[in-house]
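Written out below as structure tokens is the structure these notes cover.
The values are calculated or read from the model by the stated rules, or taken from the named source; none is laboratory data. No experiment lies behind these values; they were computed from the predicted model shown. Note that we place each Cβ from the backbone using ideal geometry, even for glycine, and neighbour counts take in every protein chain shown.
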Amino acid sequence: MKTTIHTDGLKGWAQRAAARARALDASEPVEPAHGITFENAAEMVRLLTPARIDLFQAVRKQSVPLKELAERLGRDVSAVRRDVVALERFGIVSSEQVANPGHGRVRVISAPARVAISAEL
């Protein structure tokens, strides 16, 4: 599923929602998508810090256990966990607890297949 990040606020969201509704009413195919809308680019930048973008890039192609992700990024596990929680709230990354045979459970972080950012300054 594609995730698209917009910075055009409520007005842009309403326009996109109306266009999807028209397509559905006309029985046109609509690709499943996940959208995130910020009021402006500054709001988006508060969430998408350079460290969080690096985190996203690290899990984009392959799911990675949290501890291994922190090691790859050269960061503290608790800081990476906080960033994962922040990005998870918006659906930019996801995590799940999986069995780690002989070692209990481990949290694995993954990202959607495609993410597009549409920003206006």
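Per-structure values
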{"quantity": "Set Val98, Val93, Val80, Val115: member being farther than 24 Å from Met44 by Cα and either in contact (Cβ under 8 Å) with a residue 12 or more places away in the chain or of a type in the set (Val, Ile, Thr) (or both)", "calculated": "Val98"}
{"quantity": "Contacts under 7 angstrom Cβ, first residue in segment 4-33 being assigned to a helix (DSSP H, G or I), partner among the hydroxyl-bearing types (Ser, Thr, Tyr) and surrounded by 13 or more Cβ atoms within 10 Å (Cβ to Cβ), 6 or more apart", "calculated": "Gly9/Thr37; Gly12/Thr37; Trp13/Thr37"}
{"quantity": "Single match in Ala14, Ala41 (criterion: over 12 Å from the mean Cα position of the chain (by Cα) and modelled with pLDDT under 90)", "calculated": "Ala41"}
{"quantity": "Any chance Ser27 is surrounded by 14 or more Cβ atoms within 10 Å (Cβ to Cβ), modelled with pLDDT of 90 or more and not charged (D, E, K, R)", "calculated": "no"}
{"quantity": "Residues (of a type in the set (A, V, I, L, M, F, W, C) and either farther than 17 Å from Gln57 by Cβ or modelled with pLDDT of 85 or more (or both)) located in segment 90-121", "calculated": "Phe90, Ile92, Val93, Val98, Ala99, Val106, Val108, Ile109, Ala111, Ala119, Leu121"}
{"quantity": "Given (1) surrounded by fewer than 12 Cβ atoms within 10 Å (Cβ to Cβ); (2) over 30 Å from Leu73 (Cα atoms); (3) of a type in the set (D, E, K, R), number of the condition Arg16 does not satisfy", "calculated": "(1)"}
